[in-house]
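The block underneath contains the structure these notes are about, expressed in structure tokens.
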Number of protein chains: 2
Amino acid sequence: MAAKSEQTRQHLADIALRMFREVGFEKTTMRAIATEAGVSVGNAYYYFASKDDLVQELYIQVQAEHAAKAQQALEGLTDLGSRLKATLHAGLDVMAPYHRFGADFAATAIRPTSPVNPFAGESTAAREASLGIFRAAVEGASPPAPKKLRADLPELLWLGYMGIALFWVYDTSEGQRRTRKLVDGAVPLIARGLSLAKIPGVNMVLDDVLSLSRSIRN
Amino acid sequence: MAAKSEQTRQHLADIALRMFREVGFEKTTMRAIATEAGVSVGNAYYYFASKDDLVQELYIQVQAEHAAKAQQALEGLTDLGSRLKATLHAGLDVMAPYHRFGADFAATAIRPTSPVNPFAGESTAAREASLGIFRAAVEGASPPAPKKLRADLPELLWLGYMGIALFWVYDTSEGQRRTRKLVDGAVPLIARGLSLAKIPGVNMVLDDVLSLSRSIRN
DNA sequence: ACTCAATTCTGAACACGTTCAAAAGGAGAC
DNA sequence: GTCTCCTTTTGAACGTGTTCAGAATTGAGT
């Protein structure tokens, strides 16, 4: 039965993720994972082609948790500011246990060859999944975001989220307090910034920014 | 004499950098560097504590070339737009030979423990050196940048440069044409964006952005 | 029950970055 | 010359991620 195989795979993933959390990425060896799981090293490689693949496993899981938590937190929230704030804090909540692992994750994810890389390729699974969370936050908002920006806003916010995640990696304040402050401070500014889009001078520059961003993508 | 020792060190660095350029970071082994340089592996480690240290050596060199090339290119340029453009293109010129190495460099640099990391710590050598180049571009400009922004602008531009560098890493167009286009398109927009700082509504939001950015740093 | 192919698992082996005890070299003092 | 101390160099050894030829197990068909 396929269940047995799946069980071994899941067991390996669970143990690897726990060890990543508890002792960090570099200190968690493939041998230790295999031993702890009661299998041979080779067998671990039968299920995960590389140590980075285990990182992807973690990424998928964190991603799914973020989506679920954000969706729940969004219930009842209408204005874009609250929705964005809830989404960002949900992300930080989910990442929290892995903070000590953050730097190694970033180093892995940044490689163009990594399956976790959010920038590489046109539409990696990683990118699409993450983007969807922000699309949900923007699309459900009322009053809605400015027409002109609505299409690009999720991507821009997602990009901002990548920046926040990077800030978080380097944030050594307890409980990553500073990153929380950054989110709380930045969100209202973004909301207010969006309302500036109506001012003629700003509007024109914005047009050009958007058209540049579109022309660069090809 | 100290010269002999310095010569070995330099020889190792030269060979390592050439190999990084020609075959990439991961495929360049310490053993290969040592062999090519005609010394033992252990001796290479006598001069460079780790493979990452060789990356730092490269970084310092690229940095110095960028500073020199930018300074030269700035001569005679007065308006901020031209100066910024020249500075950014100078950076791309200097990085160009190392494009295939870019991803590995980014992965190394992003680690908080790396000496090359531009974000970690308050003032790493890497950060200060790089920042100085943009300070020079801003300070020599006439008409000068808006008073309110003058202090923070170099840091903001430097941050933008980090973003451009990241874009460059993933830019597989020949000669990284797209990154050049990005620079050419973005610079005028930045210049025009700066002039918006005078509009009252924009000005207020800007104030809050700056004060948030300052409060977050501690 | 037996066969046989596919799936799952094993552990030795490889190349790598890195470490380290010890050897070799060099420069001044006597 | 040779003794002494510091710098420089060596190469074997360690632990790591990863590979691979083959052993064990499983499951379907007869």
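The values are calculated or read from the model by the stated rules, or taken from the named source; none is laboratory data. The structure displayed is predicted, hence computed values, not measured ones. Every residue, glycine among them, receives a Cβ derived from its backbone with ideal geometry; neighbour counts consider all protein chains shown. For accessibility, only protein heavy atoms count, side chains too; no ligands or nucleic acids. Shrake-Rupley method; radii C 1.70, N 1.55, O 1.52, S 1.80 Å.
For the residues of B:68-80, the average number of beta carbons from a partner chain within 10 Å of their own beta carbon is 0.
Interface area, chains A and B: about 3000 Å² of buried accessible surface, summed, with a 1.4 Å probe and ligands, DNA and RNA left out.
Each 5 Å bin from zero up to the one holding the largest Cα-Cα distance in the stretch B:161-218 carries the following percent of pairs: 4, 15, 16, 15, 15, 15, 11, 7, 1.
Please go through the residue pairs A:181/B:148; A:51/B:27; B:148/B:198; A:85/B:198; A:198/B:85 and name each one whose alpha carbons sit more than 21 Å apart in this structure. As for pairs spanning more than 21 Å Cα to Cα, those are A:181/B:148; A:85/B:198; A:198/B:85. The contact residues of the stretch B:180-199, meaning those that lose at least 50 Å² of 1.4 Å-probe accessible area when all protein chains sit together rather than their chain alone, are B:189, B:192, B:196. Ranking A:110, B:112, A:158 by how far each Cα lies toward the positive end of the dipole of the protein assembly as shown (charges on Cβ) leaves A:158 at the top. Would you mind telling me which residue in A:69, A:51, A:27 has the biggest mean-square fluctuation in a Gaussian network model of chain A, where springs connect alpha carbons within a distance under 10 angstrom? Maximum fluctuation in the GNM of chain A, among the listed residues, is at A:27. Sorted from nearest, the other copies put their residue B:135 label points 4.5 nm away, the label point being 7 Å from Cα in the direction of Cβ.
A straight line joining the Cα centroids of the stretch B:137-205 and the stretch A:152-218 runs 15 Å. In the stretch A:89-103, the residues that give up 30 Å² or more of accessible area when the other protein chains are added, compared with the chain on its own (1.4 Å probe), are A:103.
Relative to the Cα centre, the charge distribution of the protein assembly as shown, modelled as +1 at Lys and Arg Cβ and -1 at Asp and Glu Cβ, gives a dipole magnitude of about 660 debye. Its residues counted as N, chain A yields a C-alpha radius of gyration over 2.2 N^0.38 Å of 1.16. The mean count of C-beta atoms from other chains within 10 Å of the C-beta of residues in B:202-215, rounded to a whole number, is 3. Once the mean of 1/r is taken over each pair of separate Cα atoms and inverted, the stretch B:1-48 shows a Kirkwood hydrodynamic radius of 10.7 Å. Averaged over the residues of A:161-170, the number of partner chain Cβ atoms lying within 10 Å of the residue Cβ comes to 2. Using the alpha-carbon atoms, what tilt in degrees (0 to 90, nearest 10) does helix A:177-195 show relative to the longest principal axis of chain A? The helix A:177-195 is inclined about 30 degrees to chain A.
Above 35 Å, the calculated P(r) of the protein assembly as shown contains 36 percent of its Cα-Cα pairs. Stokes-Einstein diffusion of the stretch A:92-143 at 20 °C, 1.002 mPa s viscosity, Kirkwood radius from Cα pairs, rounded to a whole number: 169 µm²/s. Given a 1.4 Å probe and the protein chains as shown, residue A:59 ends up with an accessible area of around 30 Å². The fraction of accessible area contributed by carbon and sulfur in the protein assembly as shown is 57 percent, rounded to a whole number (1.4 Å probe; ligands and nucleic acids excluded).
Across all C-alpha atoms in the stretch B:63-121, the radius of gyration and Dmax reach 13.9, 40 Å.
Enter the angle in degrees (range 0 to 90, nearest 10) between the Cα long axis of helix B:125-139 and the first principal axis of the Cα atoms of chain B, meaning the one along which they spread out most. It is inclined by approximately 40 degrees.
In the context of the full set of protein chains, the stretch A:56-216 has a per residue accessible area of 46 Å² (1.4 Å probe).
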